[in-house]
Amino acid sequence: MKDPEKAPWYYLLLLILAGESVFILPFVLQRVFRPTVLKVFELDNVSLGLCFSVYGFVALISYLLGGPLADKFQPRKLIAIALWMTALGGLVFATFPDYLILQVLYGFWGFTTIFLFWSPMIKATRVWGGQSSQGKAFGFLDGGRGLVGALFGTLGVLVFSHFMSADLEVATLEESRFAFRYVILTSSAIVSIVGVLVWFFMRLPESLENEIVVERITVSQIKEVLRLPSVLLLMIIILCAYVGYKITDIFSLYAQDVMLYNEVESAEVGTFLLFARPVVGVFIGVIADRSRPTLFLLIGFVVALLGSLLFASGMVANVSYFVFLFSIMIVALGVYAIRSLYFAVMQSGRIPMALTGTAVGLISLIGYTPDIFAGPAMGYLLDASPGLEGHKHVFWMLALFSFIGAIAAFRYFQLYGKSGYEDSKKS
């Protein structure tokens with residue numbers, strides 16, 4: 001595929017908008033409002049983690065089956081349907097259902113956000129990046145998704161604050177639910193609207209549409225993909241990176257438990273973290289294309305390791321607001337840099353474009369297993385040792401996975417770092 005046939009800029013913009021919107025209800029609201037979510041659904045950390053596990057089990061199957069689907073159908077239709085179905089789940093979420101229904105809802109979201117959405121999004125982004133702009137494409141995607149998430153978080157905080165009539169310190173369960181219901185319904189409406197925009201406007205040139213679709217996926221093609229060393233290494237890299245990303249969910253809770261901030265102040269910390277993501281994503285994506293994406297992937301793991309050790313040591317307690325945010329930024333820089341690049345290195349790893357969906361499905365089958373175990377693991381560590389001690393244990397977990405990820409990223413750089421860089425320069 002040649003860059004003169006690249007999809008237009010607005011195609012990537014719609015991908016960015018859709019790419020975060022679909023995860024607002026199952027993930028972003030919990031990241032920004034974790035203390036509030038625990039309160040209004042009457043959950044502890046382990047129970048919420050088990051909801052994420054249900055999501056993860058359904059997602060595990062959906063990754064495998066949804067990958068080939070992305071190679072047979074156009075991304076636009078799959079993505080739009082996924083957005084609409086996810087928004088419908090938001091209507092159930094807004095009723096504050098009992099725990100069993102909540103678990104079923106997370107399983108439903110595991111299907112809508114992964115089977116219909118994930119591989120089409122990654123494949124469409126790779127198509128937009130062409131031969132020489134993979135770092136930029138995935139950096140803009142993840143950075144842009146971060147910006148959309150930050151804007152949703154900011155909007156959510158504004159809506160919550162507007163409808164919360166009582167003082168936050170003494171608000172009753174019903175008062176918190178009343179305000180948070182409007183946050184959920186507003187988010188659901190926006191997700192639906194994004195689906196309409198994608199359906200009507202996220203179109204590719206006809207020559208590209210024909211080039212990226214295959215009639216059928218054979219067993220031999222799946223074996224061909226599995227034999228690639230890049231696929232096996234990316235399974236490990238993404239698994240370790242995703243543990244880091246899941247752990248960023250607890251920063252708002254850290255603000256409440258360790259820094260002793262209230263609900264709104266804790267949500268503001270979560271929103272600040274979301275604003276860091278677009279800055280890191282765009283910056284890393286642009287400079288990685290000028291150098292070697294595989295090298296910056298390795299650097300990202302090293303930075304994440306250093307940041308996790310900072311929190312694991314217990315040094316980030318009884319510190320100023322500025323020092324707290326600076327410490328968060330170290331972790332965020334590493335984690336978000338890795339997220340921006342781990343699919344960008346597929347091109348240098350010699351994974352065929354037409355089989356991108358299948359490859360993403362196979363990689364994600366292992367890479368996103370933290371959806372199953374990370375939530376309960378963090379919940380157990382936090383509830384077993386309340387306060388600072390529990391949070392230190394969580395960051396020791398991050399340090400371990402960052403170290404393993406760094407080893408896998410180093411091997412990927414050894415195998416593909418130089419050739420991928422030279423190939424991009426030739427094109």
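For segment 78-106, filtered to residues that are among the hydroxyl-bearing types (Ser, Thr, Tyr) and within 20 Å of the chain's Cα centre (by Cα), the residue that is nearest to Leu15 (Cα to Cα) is Thr86. Which one is modelled with the highest pLDDT, of the residues in segment 197-221 that are of a type in the set (D, E, K, R) and in a helix (DSSP H, G or I)? Only one residue fits best here, namely Glu206.
Okay, residues lined up against (1) in contact (Cβ under 8 Å) with a residue 60 or more places away in the chain; (2) out of contact with any Asp or Glu (no Cβ under 7 Å at 6 or more places or on another chain):
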| position | (1), (2) |
| --- | --- |
| Pro8 | no, yes |
| Leu12 | yes, yes |
| Val32 | yes, yes |
| Lys39 | yes, yes |
| Ser47 | yes, yes |
| Cys51 | yes, yes |
| Ala59 | yes, no |
| Leu78 | no, yes |
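Let's see how each residue does on (1) in a helix (DSSP H, G or I); (2) in contact with a Leu (Cβ under 6 Å, 6 or more places away or on another chain); (3) hydrophobic (A, V, I, L, M, F, W, C):
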residue: Gly110; (1), (2), (3): yes, no, no
residue: Val127; (1), (2), (3): yes, no, yes
residue: Ala137; (1), (2), (3): yes, no, yes
residue: Ser161; (1), (2), (3): yes, no, no
residue: Leu185; (1), (2), (3): yes, no, yes
residue: Gly195; (1), (2), (3): yes, yes, no
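Taking residues in segment 226-255 that are over 13 Å from Ser308 (Cα atoms), and partners anywhere that are among the basic types (Lys, Arg) and outside any helix (DSSP H, G or I), the pairs with Cβ atoms closer than 7 Å and at least 6 places apart or on different chains are Leu228/Arg350; Ser230/Arg350.
Here Val28 does not qualify as out of contact with any Lys or Arg (no Cβ under 9 Å at 6 or more places or on another chain) and surrounded by fewer than 24 Cβ atoms within 10 Å (Cβ to Cβ).
Apart from one condition, Leu274 fits all of (1) modelled with pLDDT under 80; (2) open to solvent by less than 10 Å² (accessible area, probe 1.4 Å); (3) closer than 20 Å to Asp44 by Cα; the exception is (3). In the set (1) under 29 Å from Asp44 (Cβ atoms); (2) open to solvent by 10 Å² or more (accessible area, probe 1.4 Å); (3) not acidic (Asp, Glu), the condition left unmet by Pro370 is number (2). State whether the residues of segment 388-407 include one that is β-branched (Val, Ile, Thr), over 21 Å from Asn45 (Cα atoms), modelled with pLDDT of 85 or more and assigned to a helix (DSSP H, G or I). Yes - at least one qualifying residue is present in segment 388-407.
Among all residues of segment 348-355, there is none that is within 19 Å of the chain's Cα centre (by Cα) and part of a helix (DSSP H, G or I). In segment 145-166, the residues that are of a type in the set (Lys, Arg) form Cβ pairs under 7 Å with partners that are buried (at least 19 other Cβ atoms within 10 Å of the Cβ) and in a helix (DSSP H, G or I), at six or more places apart or across chains, as follows: Arg145/Ile16; Arg145/Gly19; Arg145/Glu20.
Matching residues to (1) open to solvent by 10 Å² or more (accessible area, probe 1.4 Å); (2) under 30 Å from Met164 (Cα atoms):
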{"residue": "Leu15", "(1), (2)": "no, no"}
{"residue": "Gly19", "(1), (2)": "no, yes"}
{"residue": "Phe33", "(1), (2)": "no, yes"}
{"residue": "Leu48", "(1), (2)": "no, yes"}
{"residue": "Val58", "(1), (2)": "yes, no"}
{"residue": "Ser62", "(1), (2)": "no, no"}
{"residue": "Leu78", "(1), (2)": "yes, no"}
{"residue": "Ile81", "(1), (2)": "yes, no"}
{"residue": "Leu102", "(1), (2)": "no, yes"}
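Residues that are open to solvent by 10 Å² or more (accessible area, probe 1.4 Å), in a helix (DSSP H, G or I), more than 20 Å from Ala374 (Cα to Cα) and not charged (D, E, K, R) within segment 234-270 comprise Gln256, Val264, listed in sequence order.
To keep it simple, each residue is scored yes or no on (1) surrounded by fewer than 20 Cβ atoms within 10 Å (Cβ to Cβ); (2) free of Cβ contacts under 8 Å to residues at least 40 places away in the same chain.
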{"residue": "Ser313", "(1), (2)": "yes, no"}
{"residue": "Ser320", "(1), (2)": "yes, yes"}
{"residue": "Val323", "(1), (2)": "yes, yes"}
{"residue": "Leu333", "(1), (2)": "no, no"}
{"residue": "Leu355", "(1), (2)": "no, no"}
{"residue": "Thr358", "(1), (2)": "no, no"}
{"residue": "Val394", "(1), (2)": "no, no"}
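Name the residues in segment 260-276 that are of a type outside the set (Gly, Ala, Ser) and closer than 21 Å to Ala399 by Cβ, would you?
Leu273
The values are calculated or read from the model by the stated rules, or taken from the named source; none is laboratory data. Model, not experiment: these values are computed from the prediction. Neighbour counts run over all protein chains shown; Cβ positions are idealised from the backbone, glycine included. Quick note on the areas: whole protein, heavy atoms, side chains included, nothing else; ligands and nucleic acids left out. Shrake-Rupley method; radii C 1.70, N 1.55, O 1.52, S 1.80 Å.
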